[in-house]
Amino acid sequence: MQTLPQISNCLNEGALRDLVFHTSNSVQVPPDMVLMNCLGGFGAAVNGKLIVTGPSGHEEPCNLYMMPIGKSGERKSAIVKIAKKPHEIWQSRRNEGLDNQRRDAKRKRRYYQSKISRLNREACNCEEQDAFSILAEIEELEARMPELPSLEECFFDDATIPALKRVLANQKGLLSHMEAEPKIAKILQDKDSTGLGLLCNAYDSEEMIVDRVKEGRMVISRPAINMCSSFQPAPAIELLRKSHFMTSGLAGRFIYVQLAPMAGWRSTYTPRIPQECLNWYDGKVEALLNIELKTNQLGIPGPYRLSLDDEATRLYQAFRNWAEPALQPAGPLAFSKSWGSKLPGKVLRLSALLHCINNEDPMNSQIDGDSMRQAIDMGNCFIHHAQSLYHHAQFCEHIDVAKEVVHWASSHGVNRFTAAEARKAIAATPKKVKMGIEYLLNEGCIYEDLIGFANNQASKGQGRNKEPHYVIASHLLNLALGGALQ
């Protein structure tokens, strides 16, 4: 397995870097796992609150879709818990204050609903002229009926599309998802385009219409979902092999980070996470959560608009100038034009998030060169992670099958086999077994027994096996097992 660059090494000296590496050392997890979940936590705090404008006037919302990929037993849940803690405390405090308002609103709604029901009965049993006046009175009562304040929900974990739409409507289109074993994988794996389209719209903040059973249709002008969903390697690779996920454009919107495994090499005695690091993170998240949407002259709430300073503009434009030709054949972004063409947008969004983390008054200042430089450095690292993952998903399925064939042959003492025997042993499709055998042939791990095949073809009798036999080259097999097949 190739060594991938560590994203957290791109961080400047400061509170975020201290938090990442102290937490990594204390919990014994990869630093990138901490970083991605912290970025997810900060992203959830500013989700939907700002838009960043690039040099050419192109605007990007600042929500991100991130997929840290790590094996089971790597303590992902512990890091997610730390990252979500300040949001849950803030949410609990906000909802305590809404309890009295909700009780009062429910009481008034019941009162108006009972009056409306009585008037409806009267309208059905009176003359037409009187009915019109009663209906006008009903409309007036409906207009006076108070809205029921929605409880704050920073995160969602229900993976059904109807539930996601309902929560989105209740939260005015702003929602986040952070899980160690994400249930949202069901939506990503489902061939139904409704869920994938919803997530694409929420990433791009494109208008969305939600049909609600009791309240009726709701138009969400700027939906935004922020996501940091940790996957295990096999489900992540399998997801990238699904055509509906790839062709929907959703795959290109994710940032993928492959985490180096630490289980088995962890220290059993480590210091606690310094309290000042946790206090900084909790305080910064709370401060960002407390920022309200900006109200325009008409009293309509909306996001703040951030711009780049001169140095950030120069750096970002240089990165865009590099990224476009990198999509050409044999270029570093040619492995996926969908993912590569969206990389500058991801970098722009990330620079805005880092700006919010590193500044006390982020909504009233420009994104500086330091934030942009860190975002570009991270973006360059993301390329290697995505390239490796896409390559494995698209081209290495035959290597996985070859591994299974080799494991079956070595564990059962098989030194000569046919494709049919391999299919039966590993329960794979003929096409996959053919791919695996071709790889083993190309690597010199096996060779075709041409003399035996010719003798079989020449033999007489019914039902003879005309499939070629493959012989395992044991000395070459050992060599291959130390290389690509491991």
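Every number here is computed from the coordinates shown, using simple stated rules; none is lab data. Because the structure is a prediction, the values reported are computed rather than measured. We place every Cβ from the backbone using ideal geometry, glycine too, and count neighbours over all the protein chains shown.
Check every DSSP H run in the chain and write down those whose alpha carbon atoms cover 27 angstrom or more along the long axis and whose mean Kyte-Doolittle hydropathy is -0.5 or greater.
Details: long enough: 76-124 (61 Å, -1.61); 369-395 (38 Å, -0.44).
Once both thresholds are applied, what remains is 369-395.
Centroid-to-centroid, using Cα positions, segment 273-338 and segment 395-428 are 47 Å apart.
Counting only residues at least eight positions apart within a chain, or on another chain, the lysines with an alpha carbon under 20 Å from that of Lys294 are Lys49, Lys172, Lys284.
Is it possible to state the helix-based mean residue ellipticity at 222 nm for the chain, with each DSSP H run of 4+ residues giving -39500 (n - 2.57), the sum divided by total residues, to the nearest 500 deg cm²/dmol? What is it?
Numbers: 19 runs with 265 residues, N = 486.
The helix-only estimate for the chain comes to -17500 deg cm²/dmol at 222 nm.
Separation of segment 52-66 from segment 148-182 is 23 Å, based on Cα centroids. When the charge dipole of the chain is built from unit charges on Cβ atoms (+1 for Lys and Arg, -1 for Asp and Glu) and taken about the Cα centre, the candidate among Ala263, Val285, Tyr316 whose Cα reaches farthest toward its positive end is Ala263.
Which order results if Ser114, Ser150 are arranged by neighbouring Cβ count within 10 Å, fewest first?
Values: Ser114 10, Ser150 14.
Placing the least packed residue first, the sequence is Ser114, Ser150.
State the percent of C-alpha pairs, over all pairs in the chain, separated by a distance greater than 31 angstrom.
Working: 64931 of 117855 pairs.
So the portion of pairs separated by more than 31 Å is 55 percent.
Straightening the chain between Glu88 and Glu238 buys 50.8 nm, computed as 0.36 nm per residue apart minus the Cα-Cα spacing.
With a cut-off of at most 16 other beta carbons within 10 Å, and DSSP calling the residue loop, which chymotrypsin sites (Phe, Trp or Tyr not before Pro) in segment 218-311 qualify? Please list them. Walk me through the numbers before you get to the answer.
On the way: sites: Phe231, Phe245, Phe254, Tyr256, Trp265, Tyr269, Trp280, Tyr281, Tyr304; in loops: Trp265, Tyr269.
Answer in residue order: Trp265, Tyr269.
Sparse packing (at most 14 other Cβ atoms within 10 Å of the Cβ) combined with a DSSP loop state is found for the following GluC sites (Glu not before Pro) in segment 265-331: Glu292. Set the Förster distance to 60 Å, then compute FRET efficiency between Glu128 and Glu448 from the Cβ-Cβ distance, nearest 0.05. Using R0 = 60 Å, I get an efficiency of 0.05.
Given an 8 Å cut-off on Cα distances and at least 6 residues of separation, report the relative contact order of the chain as a percent.
Details: 702 pairs, mean separation 93.1, N = 486.
Result for the chain is 19 percent.
FRET efficiency for Thr295 and Glu140, Cβ-Cβ distance as r, R0 = 22 Å, nearest 0.05? Present the calculation step by step, with values, prior to reporting the outcome.
Numbers: r = 28 Å, r/R0 = 1.29.
Taking R0 as 22 Å, the efficiency between Thr295 and Glu140 is 0.20.
Inter-label distance, Arg121 to Ala287: 5.9 nm, where each label sits 7 Å from its Cα along the C-beta direction.
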